[in-house]
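Asker: Before we start, here is the structure in question, set down as structure tokens.
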Amino acid sequence: MVVSWLALGISFPAAAQKAPLKNMQQADLNYLLFVIQGDNAADALAAIAELGKRKTPESLDMLQMQLLLGYPPAMSKAMIQALGARKDPKAMETLVFYTRHRATELRVEALVSLCELDFGKDPAPVKVVNEILLKALRDYQEAVRNKAAWLLGKRRVAEAEEPLLKLFARGSTAAMQALGFIGGIRTARTLAMAMENTKSSKEPLITTIGTLLSRDDFGPEPVRVQLVQILGDTNLPGAQNVLMVYHGSGPDAFPRSRKLAFQILSK
């Protein structure tokens, strides 16, 4: 990945040193590099974003090299985002490196960009990314843990349920939201108990229960019935909204709990 700029033919033409180019789409790599290394932060960020849109190997090499050279956090963050926007799996090694960076915001962005890479049908790198996300649930910074939790839920990583339940027990709202996408019977039981706790904030719990009920792969039916009944016993507008949506558009494979939702709403 380390590339010699001489080998890439990078130089700094005199024309590039007169004034910032307003249309980055027309700029060559030489000029984009000049702007990134210049003193105009707004133009530098625009040049980085343009590199994220390019599809050539040379532009990818340039983006990764500049990131590894080290820039102020705002620019490094933009470079990580640009690597994610390209979706090129060749950026994986660099992004994995940044998941261990000392700066919290860069670790967070690296996790997000890793999840944007397109690995096609190759399961091996997908598994590696999932393992990195699972490890990030133990990060010492809450922001990193929360982002990892959300990404695991979004990616439907079933093996994340247990560590997410542990985070939820420690008060993580992000973990609770993620459990809506991947949780099973243990999650349903935990949410039911939380709904009975007078100290719990009910609306986020209701939203998560709604996410569980919306999934085709969540069950069995008796568990759904229990959750619907809990929502019916909750005198909150959010619970009524979840029941209305579930009755109207819930999975067809669970008619009993959907019928119960209708009966509760009809009272």
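Only the coordinates and a few stated rules stand behind these numbers; no lab work does. From a predicted model like this one, the values you see are computed outputs, not experimental measurements. Please note: Cβ atoms are built from the backbone with ideal geometry, for glycine as well, and neighbour counts cover all protein chains shown.
Asker: Please arrange ARG102, ARG215, ARG256 by counting, for each residue, the other beta carbons lying within 10 Å of its beta carbon, fewest first.
Answerer: Details: ARG102 6, ARG215 15, ARG256 12.
Exposure proxy ranking, most exposed first: ARG102, ARG256, ARG215.
Asker: Rounded to the nearest 500, what is the 222 nm mean residue ellipticity of the chain from helices alone, with -39500 (n - 2.57) per DSSP H run of 4+ residues and division by all residues? Write down the numbers at each step before the final one.
Answerer: Numbers: 16 runs with 178 residues, N = 267.
For the chain, the value works out to -20500 deg cm²/dmol.
Asker: Using a/c under 1.5 as the rounded threshold, could you call the stretch 184-267 rounded, prolate or oblate? The axes a ≥ b ≥ c are square roots of the C-alpha gyration tensor eigenvalues, and prolate needs a/b larger than b/c, oblate otherwise. If you can, show how the numbers build up before the last one.
Answerer: Numbers: a/c = 1.78, a/b = 1.21, b/c = 1.48.
In terms of gyration-tensor shape, oblate.
Asker: Can I ask one more? Let me check I've understood the local charge: for THR187, count other residues with C-beta under 13 angstrom from its C-beta, Lys and Arg +1, Asp and Glu -1. What total comes out? Can you show the working numbers first?
Answerer: Working: positive: LYS166, ARG186, ARG189, ARG215, ARG224; negative: GLU161, GLU162, ASP217.
Result for the neighbourhood of THR187: +2.
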